[in-house]
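Asks: Here it is, the structure in full.
The values are calculated or read from the model by the stated rules, or taken from the named source; none is laboratory data. Please read all numbers here as calculations on a predicted model, not as lab measurements. Here the Cβ positions follow ideal geometry from the backbone for every residue, glycine too, while neighbour counts run over all protein chains shown. Accessible surface is based on the protein model in full, side chains and every heavy atom, while ligands, DNA and RNA are left aside. Shrake-Rupley method; radii C 1.70, N 1.55, O 1.52, S 1.80 Å.
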Amino acid sequence: MTAHPPVAAPRPRGRSRRAVTSFAAVSVLVSGAALTGCAEQRDSDVYTVMNSSTDETYHRWDAEAMARCGKRLGVTIEQQSVPAAQVMTKALRMASSKSLPDIVQFDASEMPTFADAGGLVDLRTLGLTTEDVPEGIVGFGSYKGTYYGAARSVNTLALFYNKDVLDEAGVQVPTTWDELRETAKKLTQGKRYGLALSAGGAEDGVFQFTPFMWSNGGDETDLDSPQVVGALDYWKALLQDGSLSKSTVNWTQADVNDQFMAGNAAMMINGPWQVETLNTKKSLHWEIAQIPVPETGAESVGPLGGAVLTVPNTGDAEREKTAGRIVGCLAGEKEQLTYALNSWMVPANEKAAAKWRAEVPELDALADQVAAARSRTAKLGAGWSGVSLALQSAFQSALTGQSSEAALKRAQQRATSGN
């Protein structure tokens with residue numbers, strides 16, 4: 001399948017491998033900056049956005065969007081881009097020196113840490129609304145019920161499949177776990193596995209496990225519940241069937257995509273950031289569907305990935321108000337649609353998403369998956385990092401021989417104790 005190609009391949013925003021920063025350290029640095037305001041003198045008509053758009057193409061897209069919004073609002077918007085893994089540490093250093101930018105684009109999984117320390121302004125107090133934004137995406141940008149981060153676009157996971165392989169085998173696209181297991185077994189032939197997914201790659205594996213856990217009624221607050229155990233047992237069954245490679249425990253999502261493109265997997269779980277790479281192979285006719293669910297009628301609940309635009313608490317109410325207007329423009333319906341069409345991500349705004357569906361109908365299932373998707377940090381905030389580490393260890397244990405029940409019991413203990 002070939003859709004209109006963006007200029008460059010998107011970075012995989014659904015995954016991150018960032019160092020965990022303690023609440024205590026963040027609180028000291030951020031609260032000091034908020035209480036004393038910004039010491040640095042600034043040009044009253046120049047505003048700064050810090051993001052992770054170090055890729056030349058993304059940097060250019062963002063610069064163009066900022067130029068349009070700056071013209072609309074009568075201000076100059078400058079972009080400061082740093083590697084994604086450095087956004088939080090850079091923001092903390094700037095907070096300690098009272099030189100925070102007007103807007104920071106955080107990975108959504110990091111935003112709660114800064115918000116918990118009192119470092120962000122409630123966007124609703126700056127005039128932003130969540131009208132036309134699905135509840136899950138509002139939660140994606142919220143912490144303890146307060147809306148701190150506006151998403152321009154979001155991503156999630158879907159089932160990608162090789163249409164030619166399925167057609168040749170005479171099988172339908174699976175919609176339930178039973179169907180997926182049976183189809184994967186039938187499509188496993190020679191060096192080709194029926195399905196590829198990531199159970200390794202740090203956060204990658206956890207990101208991929210969440211739709212199985214959540215769709216089965218599991219919850220990140222109770223890792224050894226029967227529902228979570230059942231989801232991991234399902235992964236074990238796919239592995240025992242021979243439908244998954246034993247290397248699954250080491251694969252990142254990029255590795256999974258490589259296997260799919262090489263013809264070593266008939267189906268894969270992956271996200272829209274792979275689309276540009278997939279489209280470089282003209283002979284590969286791929287399509288997507290929602291991730292299968294435990295039983296017919298159940299909702300397919302995937303994880304939301306992406307970044308959010310936030311306004312740091314600098315103590316300068318007037319600048320914060322204008323920063324809020326800039327966020328409102330960058331995250332507005334028109335700019336969201338432009339950005340999403342470039343990057344293959346799904347607009348956060350429902351009206352923009354409807355137009356996006358019309359432009360790229362081949363990715364329609366992805367928009368459906370996003371509509372029901374959840375934020376990983378919605379329930380636990382920055383506590384998600386401990387759960388993620390615990391689950392990563394559980395995958396390695398359960399998929400190499402230990403029972404799911406024992407592996408997840410240990411995971412729950414680790415998540416609760418922090419050890």
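Asks: Look at the range 234-250 and say how many of its residues are within 22 Å of the chain's Cα centre (by Cα) and either open to solvent by 30 Å² or more (accessible area, probe 1.4 Å) or of a type in the set (Gly, Ala, Ser) (or both).
Replies: Number of matching residues: 1.
Asks: Can you pull out the residues in the range 120-145 that are within 19 Å of the chain's Cα centre (by Cα), aliphatic (A, V, I, L, M) and in a helix (DSSP H, G or I)?
Replies: Within the range 120-145, 137, 138 meet the criteria.
Asks: Moving on to the next point. For the range 150-171, state whether one or more residues are closer than 30 Å to residue 242 by Cβ and in contact with a Ser or Thr (Cβ under 7 Å, 6 or more places away or on another chain).
Replies: Scanning the range 150-171, I find at least one residue that is closer than 30 Å to residue 242 by Cβ and in contact with a Ser or Thr (Cβ under 7 Å, 6 or more places away or on another chain), so the answer is yes.
Asks: Of all residues being free of Cβ contacts under 8 Å to residues at least 24 places away in the same chain and among the aliphatic types (A, V, I, L, M) in the range 310-345, which is surrounded by the most Cβ atoms within 10 Å (Cβ to Cβ)? Just the residue, please.
Replies: 337
Asks: Let me ask something else. Among the residues of the range 108-131 satisfying the criterion of being open to solvent by 30 Å² or more (accessible area, probe 1.4 Å), among the acidic types (Asp, Glu) and touching a residue at least 12 places away in the same chain (Cβ under 8 Å), which is farthest from residue 91 (Cα to Cα)?
Replies: Among those residues, the one meeting the criterion is 122.
Asks: Which of the residues belonging to the range 99-119 are modelled with pLDDT of 95 or more and in a loop (DSSP other than H, G, I, E, B)?
Replies: 101, 102
Asks: Tally up the residues in the range 204-233 that are open to solvent by 10 Å² or more (accessible area, probe 1.4 Å), out of contact with any helix residue (DSSP H, G or I) (no Cβ under 6 Å at 6 or more places or on another chain) and assigned to a helix (DSSP H, G or I), please.
Replies: Total satisfying the criteria: 5.
Asks: If the requirement is being modelled with pLDDT of 90 or more, small (Gly, Ala, Ser) and open to solvent by 50 Å² or more (accessible area, probe 1.4 Å), which of these qualifies: 352, 358, 348, 398?
Replies: Just a single option satisfies the conditions, and that option is 358.
Asks: Please work out which one of (1) out of contact with any Gly (no Cβ under 6 Å at 6 or more places or on another chain); (2) at pLDDT 90 or above; (3) assigned by the TED database to the domain that holds residue 221 is the condition residue 385 fails and give its number.
Replies: For residue 385, the failing item is (2).
Asks: While we're looking at this one, here's another question. Tally up the residues in the range 78-98 that are open to solvent by 20 Å² or more (accessible area, probe 1.4 Å), modelled with pLDDT under 90 and among the small types (Gly, Ala, Ser), please.
Replies: Qualifying residue count, the range 78-98: 4.
Asks: Run down 25, 39 and say which single residue is of a type outside the set (S, T, N, Q), under 19 Å from residue 382 (Cβ atoms), modelled with pLDDT under 95 and outside the structural domain of residue 339 (by the TED database).
Replies: 25
Asks: Let me ask something else about it. Anything in the range 256-283 that is open to solvent by 10 Å² or more (accessible area, probe 1.4 Å) and either touching a helix residue (DSSP H, G or I) at 6+ places or on another chain (Cβ under 8 Å) or without any contact (Cβ under 8 Å) to a residue 40 or more places away in the chain (or both)? List them, or say none.
Replies: If the condition is that a residue be open to solvent by 10 Å² or more (accessible area, probe 1.4 Å) and either touching a helix residue (DSSP H, G or I) at 6+ places or on another chain (Cβ under 8 Å) or without any contact (Cβ under 8 Å) to a residue 40 or more places away in the chain (or both), then 258, 261, 262, 274, 277, 280, 281, 283 are the ones that fit.
Asks: Could I ask something else about it? Grab the helices (runs of 4 or more DSSP H) fully contained in the range 330-413, keeping just those with 1 or more residues being within 21 Å of residue 110 (Cβ to Cβ).
Replies: Where helices (runs of 4 or more DSSP H) fall fully within the range 330-413 and carry at least 1 residues being within 21 Å of residue 110 (Cβ to Cβ), they are 333-343, 364-371, 384-398.
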